[in-house]
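Below is one structure, written out as structure tokens; comments come after it.
Computed from the coordinates by the stated procedures, all read-outs in this text should not be read as laboratory data. Please read these numbers as outputs of a predicted model, since none were measured by experiment. When we count neighbours, we look across all protein chains shown, and the Cβ atoms used for this are built from the backbone with ideal geometry, even at glycine.
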Amino acid sequence: MSCSTSSSDTDRFLEPVVTATVARERLGRRAFERFGRSRRSDSGSSAGNSGDRRLPFLELVWLPHYRLTVELEGKHRTAPVEVLVGAIDGHFALVDLARVQWRRAPPTSAFEAHLGPDEAVATARERLLRTILQVPGLPSRPHVGQVLATSLIHYPFWVWYYQRRRGILDFKMLDGMTGSAAGARLKVAFLQALQSVEDDADRRR
């Protein structure tokens, strides 16, 4: 199924709900107090360029995601469901973005999509069906219907860079909307995004 992104939502950036102060507390406030306060602000800065920063520091970045509205067709009713598909690694999540705030001006700490909208649609349909099949006790299984809308958005994450031991840089990530710790798959997606930035820079040299 071919699908194109909506021009009204393309390159929209979610305004994070979690502040830098809260992110510091959840990512390791004691470590920040021990090694010195972050020089970062809530606005974030250029992604993938940490050469002039003292560890540890906090950065706000945006990873690209496809926002899709998919119809679930039940026995007696049809309802839309909103999902996100990571545009770098294809991870999947059910969401509700009805009351969020958006940034119109793109921040500098944002990354480009690796996957196209058609891949996102296929992933959304497959993973949504798998999620439905795992729900116990349903009298009848809804059918995954058509994709009503697809748009490319950018989702915020707080990233805390620190030195785990001498000579070894590590980082932790926090979901900028929910405050939940990001899992291993999102960390890998972030590393892939950083590598793409480095590869692009090498090609321009």
Determine, from the Cβ-Cβ distance of Ser196 and Ser140 and an R0 of 35 Å, the FRET efficiency 1/(1 + (r/R0)^6), rounded to the nearest 0.05.
0.20
Projected onto the charge dipole of the stretch 12-204 (unit charges on the beta-carbon of Lys, Arg, Asp and Glu, signs +1, +1, -1, -1), the Cα from Ala201, Thr178, Trp102 with the largest positive-side position is that of Thr178
Sequence ranges 145-155, 87-97, 58-68, ranked by mean other-Cβ count within 10 angstrom, highest first:
58-68, 145-155, 87-97
Label point at Thr108 placed 7 Å out along Cα→Cβ; residues across the stretch 153-175 whose backbone nitrogen lies under 19 Å
156-161
With no solvent and one equal point scatterer per Cα, compute the Debye intensity ratio I(q)/I(0) for the stretch 12-204 at 0.08, 0.11, 0.16, 0.18 Å⁻¹ and report its log10, rounded to two decimals.
-0.31, -0.56, -1.02, -1.21
Near the amide H of Leu63, under 5 Å away, which other amide H atoms are found, from residues 5 or more places off or on another chain, if H is placed in the peptide plane?
Tyr155, Phe157
Cα centroid of the stretch 162-205 to Cα centroid of the stretch 11-26, whole Å:
16 Å
